[in-house]
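Read through the structure below, which is laid out as C-alpha cells, and then see the notes.
The values are calculated or read from the model by the stated rules, or taken from the named source; none is laboratory data. These numbers were taken from a predicted model, which means no experiment stands behind them. Neighbour counts are summed over all protein chains in view; Cβ atoms, including those assigned to glycine, are modelled from backbone coordinates with ideal geometry.
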Amino acid sequence: MRATMQDAQLTIPAIFRHGARVHSDSRVLTFDGEACREASFAEVAARVERLAAALRRLGVGEGDTVGTFMWNDQQHLEAYFAVPALGAVLHTLNLRLFPQQLAHVVNEAEDKVVVVGSTVLPLLARVAGEMKTVERYVVVEDGAPVEASIVGQLGAEVLDYEELLAAEPGGVEWPELDERAAAAMCYTSGTTGDPKGVVYSHRSTWLHAFAYNNAAPDLPLGDRDRALVVVPMFHVNAWGWPFVAWMHGSDMVMPSRFLQGEPLARLLASTRATVSAGVPTIWSEVLGYLREHPELDLSALRGLISGGAALPPKLVTGYDELGILVFQGWGMTETSPVCAVSVPPRGAARDDPSWRLATGRIVPGVEVRIIADDGSEAPWDGATTGEIEVRGPWITGGYHFDPAPEKFHDGWLRTGDIGSVDSRGFLRISDRLKDVIKSGGEWISSVELENGIMSHPDVAEATVIGVPDDKWGERPLAVVVRREGAEVTSEDLRRFLADRVARWWLPERWAFLDAVPKTSVGKFDKKVLRQRASAGELAVEAVRAEPS
C-alpha cells in the first residue's frame with residue numbers, strides 16, 4: 001500500500017509564514033541597557049521581507065553565504081529568517097573567536113555579505129584585510145557610532161542596515177526550496193584546533209525546533225510565554241530558540257550585549273519572562289544578584305534551562321531556595337544542539353536528584369549508544385560508562401570541507417563525551433574524553449571533582465585538569481576562584497572533598513585565580529589552563545605529595 005499524504009517541504013520559510021500569520025501580535029523586545037524597544041511579529045515579518053529583497057538586490061542568491069556578526073537583537077532575528085528563506089545560508093559568526101580563527105571561518109564559508117553590529121564592528125575590522133570573499137558589510141547601529149576610521153579598514157562597500165531596508169517597498173517572492181538544502185551554518189568553538197563548520201539543513205532545523213518543544217513537557221514554549229533568549233544567536237542558532245519561539249508565538253526578549261548577572265536578573269523581572277536558557281556560568285552570576293536583591297519579582301518565571309557544561313548541584317539548590325526550577329540539557333554544535341533534556345519521569349518527585357542532576361533524558365528523534373573501551377556497546381544500566389555516540393535527523397554526518405572520518409563510527413557521531421545511560425533513557429555525562437584524568441591506570445572524573453569543589457560555599461568557580469605526575473602518570477590540578485571576601489584554603493577544600501569523592505581522587509595540586517578563562521561560548525577553557533600549567537604560569541600549591 002502506498003501512502004497518499006501531501007509532500008510538504010519542511011523549510012524555514014514555512015516556520016516564518018506560520019509565525020507571521022498565526023502569531024502576528026506576539027512581540028520581540030530588544031534591550032538597549034535602559035529599556036526595551038518592541039515590535040510585533042507582523043512588524044518584524046515586514047522587515048524580514050524588505051531585508052530579503054535588499055539582499056537579493058545586492059546579488060545574494062541561492063547557495064550564497066551571508067555572515068552575521070551580532071548580539072541577540074531584533075535585527076539578528078530578521079536575518080535568521082531573511083537569509084535562509086532566500087535560499088542563501090546564514091553563517092552566524094562567533095563574536096569571541098580569536099581574530100585569526102574569525103578570518104579562517106569567513107574565508108572557508110565564503111561569506112559574500114556580512115551583517116554586523118556597530119559595537120562589534122572594530123573586532124571585525126582588525127581582520128577585514130584577511131577576509132577574501134566579503135564584498136559588502138551591512139552595519140546595524142546597536143549602541144555605538146560607526147567611526148569613519150573603522151569603516152576605512154574594512155576594504156569593501158559599507159551599507160547602513162536601516163537605509164537598506166527603507167529603500168525597499170516591501171514584499172518579496174520567495175523561491176521554492178528543497179528541505180535538504182543548506183539553511184544555516186555554525187562553527188565549533190575551536191578549543192582543540194581550527195573551528196569546524198557544521199551545516200544545518202532546512203529539514204534538520206525544522207525537526208529540531210519541533211522536537212525541542214516537545215522534549216521538555218514542563219517547559220514548552222507557547223503564545224503565553226515570554227522567552228529571554230540568553231544563549232548567543234551566534235552559537236548553534238541560540239539552541240534553536242528563535243525558531244521554536246517564532247513557531248509557537250512566544251514573545252522573545254533579546255538582551256543584546258547586556259549579558260551580565262545584573263541586567264539579566266532585572267530583565268527576567270521587568271519583562272515578566274517565563275522561561276530562559278543559558279550556560280551555568282551565566283546562571284551563577286544571575287543567582288548571585290538575585291540573592292542580593294530579593295525584591296525582584298520573578299513570579300512569572302516557570303523555569304530555566306542550563307546547558308553547555310555540567311550543572312553544579314549547588315546551582316540547582318540555590319535556585320530551589322528561590323522557588324525556581326533549573327533543568328539541564330545536553331547537546332553539541334554538531335547536534336543542532338539538543339539531544340537530551342532533564343525532565344521528571346512518571347512518578348518522580350520534582351526535587352528527585354535521580355532526574356534533576358542527570359545530564360538529560362534522550363529526546364525522541366535521537367538515538368544514543370555507549371561504546372566501552374573494548375569497542376563493545378555498553379548496556380543501559382546507569383553504571384557502565386563509555387564514549388557516547390549519537391545519530392538522528394538533526395545530527396551532522398560531516399563537517400564543511402572536512403569529512404573528519406575519525407569523528408564518526410558506522411554512521412554514528414562520536415561525541416567525545418564519556419557517560420552512561422539508565423533504563424529510562426537518562427544520560428549522565430561523567431567527563432569529556434579529552435578531559436578525563438588517567439591516574440595509576442584508573443580514571444578520575446574531572447566533572448565530579450568540579451561539582452564537589454563548587455559545592456563549597458566559599459567557591460565561586462572551579463575546574464579541574466590533568467597534569468603530568470612522575471609516579472602516577474597524571475594527577476588532578478584544581479583551579480579555584482574564591483567567592484568575594486572568602487579566604488578558603490586548599491587544605492580546607494581537600495578536607496571538604498574527602499567525604500564526597502574517592503580518597504585517591506583528592507587533588508594534591510591547587511591553584512587560585514581571579515577568574516577561570518572561558519571559551520567563546522562561556523565554558524571553562526581547559527586548553528588554556530593546560531598551556532599555562534605546562535608553561536609554569538600557574539601558582540600551584542602542593543597539599544600532599546601523593547594520593548591516599
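Data table
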quantity: Failed item in (1) hydrophobic (A, V, I, L, M, F, W, C); (2) closer than 25 Å to Ala144 by Cα; (3) surrounded by fewer than 24 Cβ atoms within 10 Å (Cβ to Cβ), with Leu296 passing the rest; calculated: (2)
quantity: Residue that is nearest to Trp71 (Cα to Cα), among those in region 21-49 that are within 25 Å of the chain's Cα centre (by Cα) and among the hydroxyl-bearing types (Ser, Thr, Tyr); calculated: Thr30
quantity: Filter result for Pro195 (in a loop (DSSP other than H, G, I, E, B) and over 30 Å from Asp525 (Cβ atoms)); calculated: no
quantity: Residue match in region 313-331 (condition: of a type in the set (Val, Ile, Thr), out of contact with any strand residue (DSSP E or B) (no Cβ under 7 Å at 6 or more places or on another chain) and farther than 30 Å from Asn107 by Cα); calculated: yes
quantity: Enumeration of residues in region 96-126 that are at pLDDT 95 or above, of a type outside the set (S, T, N, Q) and outside any helix (DSSP H, G or I); calculated: Glu110, Asp111, Lys112, Val113, Val114, Val115, Val116, Gly117, Val120
quantity: Count of residues meeting criterion [surrounded by 18 or more Cβ atoms within 10 Å (Cβ to Cβ) and either assigned by TED's automatic domain parsing to the domain that holds Leu529 or in contact with an Asp or Glu (Cβ under 8 Å, 6 or more places away or on another chain) (or both)] in region 144-167; calculated: 1
quantity: Single condition Thr11 does not satisfy, out of (1) in contact with a helix residue (DSSP H, G or I) (Cβ under 8 Å, 6 or more places away or on another chain); (2) surrounded by fewer than 12 Cβ atoms within 10 Å (Cβ to Cβ); (3) among the hydroxyl-bearing types (Ser, Thr, Tyr); calculated: (2)
quantity: Those strands (runs of 3 or more DSSP E) lying entirely in region 284-396 with at least 1 residues out of contact with any Pro (no Cβ under 7 Å at 6 or more places or on another chain) and of a type in the set (Asp, Glu); calculated: 367-371, 386-391
quantity: Only one of Pro403, Pro476 that is without any contact (Cβ under 8 Å) to a residue 40 or more places away in the chain and crowded, with 21+ Cβ neighbours inside 10 Å; calculated: Pro476
quantity: Unique match (being surrounded by 12 or more Cβ atoms within 10 Å (Cβ to Cβ), over 21 Å from the mean Cα position of the chain (by Cα) and not basic (Lys, Arg)) among Pro393, Pro379; calculated: Pro379
quantity: Which listed residue is over 29 Å from Trp283 (Cα atoms) and of a type in the set (S, T, N, Q), from Ser439, Ser446; calculated: Ser439
quantity: Failed criterion for Ser189 (all others in (1) within 21 Å of Ala85 (Cα to Cα); (2) within 18 Å of the chain's Cα centre (by Cα); (3) part of a loop (DSSP other than H, G, I, E, B); (4) of a type outside the set (Lys, Arg) hold); calculated: (1)
quantity: For Ala14: the one exception among (1) at pLDDT 95 or above; (2) within 22 Å of the chain's Cα centre (by Cα); calculated: (2)
quantity: Those residues of region 343-366 which are of a type in the set (Asp, Glu) and either touching an Asp or Glu at 6+ places or on another chain (Cβ under 9 Å) or crowded, with 18+ Cβ neighbours inside 10 Å (or both), in sequence order; calculated: Asp351
quantity: Of residues in region 460-473 being under 17 Å from Leu315 (Cβ atoms) and out of contact with any helix residue (DSSP H, G or I) (no Cβ under 6 Å at 6 or more places or on another chain), the one surrounded by the fewest Cβ atoms within 10 Å (Cβ to Cβ); calculated: Ala460
quantity: Residue within region 318-325 that is of a type outside the set (Gly, Ala, Ser), closer than 23 Å to Val521 by Cα and touching a Leu at 6+ places or on another chain (Cβ under 6 Å) present; calculated: no
quantity: Some residue of region 176-188 being under 27 Å from Gly278 (Cβ atoms) and either among the hydroxyl-bearing types (Ser, Thr, Tyr) or not assigned by TED's automatic domain parsing to the domain that holds Arg57 (or both); calculated: yes
quantity: Qualifying position, being over 13 Å from Val467 (Cα atoms), surrounded by fewer than 17 Cβ atoms within 10 Å (Cβ to Cβ), among the small types (Gly, Ala, Ser) and at pLDDT below 90, among Ala515, Ala502; calculated: Ala502
quantity: Some residue of region 201-223 being more than 15 Å from the chain's Cα centre (by Cα), of a type outside the set (D, E, K, R), assigned to a strand (DSSP E or B) and over 25 Å from Ala358 (Cα atoms); calculated: yes
quantity: Some residue of region 196-218 being among the acidic types (Asp, Glu) and not assigned by TED's automatic domain parsing to the domain that holds Thr92; calculated: yes
quantity: Subset of region 224-244 (residues that are among the β-branched types (Val, Ile, Thr), outside any loop (DSSP other than H, G, I, E, B) and either surrounded by fewer than 23 Cβ atoms within 10 Å (Cβ to Cβ) or modelled with pLDDT of 95 or more (or both)); calculated: Val229, Val244
quantity: Every residue from region 25-47 that is under 16 Å from Gly171 (Cβ atoms) and of a type outside the set (Asp, Glu); calculated: Ala42, Val44, Ala45, Ala46, Arg47
